[in-house]
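Here's the structure, in structure tokens; my notes come after.
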Amino acid sequence: MKAAGLAAALLLAAGAPAGAAPGAPRCDAPQEVVRFKVPLPRTARAIRRGNALVVVAIGSSSTEGVGASSPAHAYPARLAEELRRRWPRLSVVVLNMGIGGETADQMLARFERDVLPYRPHLVIWQTGSNQVIKRGGGLKGYSDTIHAGIKRLQAARIDVVLMDPQYAPRVIARPVHRRIVDSISAAAGDAKVALFRRFAVMRYWIDSKQHRMEDVIHRDKLHMNDTSYRCIALLLADSLAAAARGAPPGGEAPPLAAGPGRAGPAWQGGAGTSIP
């Protein structure tokens, strides 16, 4: 893992978050867009038992956090904060394994090194943007790669959430983006894994005038910014909590098992470190 990736991973294991600041930007999206169609049984079991919840976020630059003001404002770091806010007694580890510029086949090649050794309960696989920007298609091979990655994670008994591309000018300028988004949705449906519809969420923000494009996209017209990373993390945490308790997003988080607090000290492992 790159040094930057390790530093980001350590940041994600920092202490419990503060609540959202008054006047923070809205992060609304329709339930039919953010609701997962499948449960996350291993994630739910870890939460119910009060075990440490281990999440690996793998992807490209919008997982790594390009466009954010610091690694602490990338979506995986914000997701860790949101999950800890919902379960303050639960030890939550979210590992940021994003590497800018990568396509799905490159991410899949890293699973054995950057995902499986950590024995996560959940993997969030963000993909598609570079398939649009750099390769302009190749859907057959792309779909095969996504299916192969899901199969590998399921064989390891890991819950899977796919995350599709961001809604950004440089993505939507290429007509192939529609087929990429549809391909990811089809793969999730075929394999019966969860899909976080980031593209639809961000399009809703713009179409509903909740945000302007420049409010949620970096000046490079491709990457997200602190506002959109925060909102995606908040909505994703809502979706994860809802899937864990089998209810629509937005309600109460499922309870921890009875017992003492579980938070403990921040995890300080590095690449290849075993997490109990």
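No value in this document is a laboratory result; all are computed from the given coordinates. Owing to the predicted nature of the structure, the values given are computational and were not obtained by experimental measurement. Neighbour counts are summed over all protein chains in view; Cβ atoms, including those assigned to glycine, are modelled from backbone coordinates with ideal geometry.
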Just a yes or no: is a residue in the range 88-98 assigned to a helix (DSSP H, G or I) and surrounded by fewer than 24 Cβ atoms within 10 Å (Cβ to Cβ)?
-> no
Over the range 63-76, the set of residues crowded, with 20+ Cβ neighbours inside 10 Å, hydroxyl-bearing (Ser, Thr, Tyr) and touching a Leu at 6+ places or on another chain (Cβ under 9 Å) is Tyr75
Taking Arg157 as meeting all but one of (1) on the phi > 0 side of the Ramachandran plot; (2) not in a loop (DSSP other than H, G, I, E, B), write down the number of the exception.
-> (2)
Mind listing whichever residues of the range 177-216 are crowded, with 21+ Cβ neighbours inside 10 Å, of a type in the set (A, V, I, L, M) and farther than 30 Å from Arg152 by Cβ?
-> Val216
Restricting attention to the range 158-206, which residues are farther than 23 Å from Asp238 by Cα and charged (D, E, K, R)?
-> Arg170, Arg174, Arg178, Arg179, Asp182, Asp190
Which residues, taken from the range 164-199, are outside any loop (DSSP other than H, G, I, E, B), touching a residue at least 12 places away in the same chain (Cβ under 8 Å), among the hydrophobic types (A, V, I, L, M, F, W, C) and under 18 Å from Gln131 (Cα atoms)?
-> Val171, Ile180, Val181, Ile184, Ala186, Ala187, Ala188, Leu195, Phe196, Phe199
Of those in the range 77-87 that are touching a helix residue (DSSP H, G or I) at 6+ places or on another chain (Cβ under 6 Å) and buried (at least 21 other Cβ atoms within 10 Å of the Cβ), the residue nearest to Ile47 (Cα to Cα) is Leu83
Answer yes or no as to whether Arg42 is surrounded by fewer than 24 Cβ atoms within 10 Å (Cβ to Cβ) and in a helix (DSSP H, G or I).
-> yes
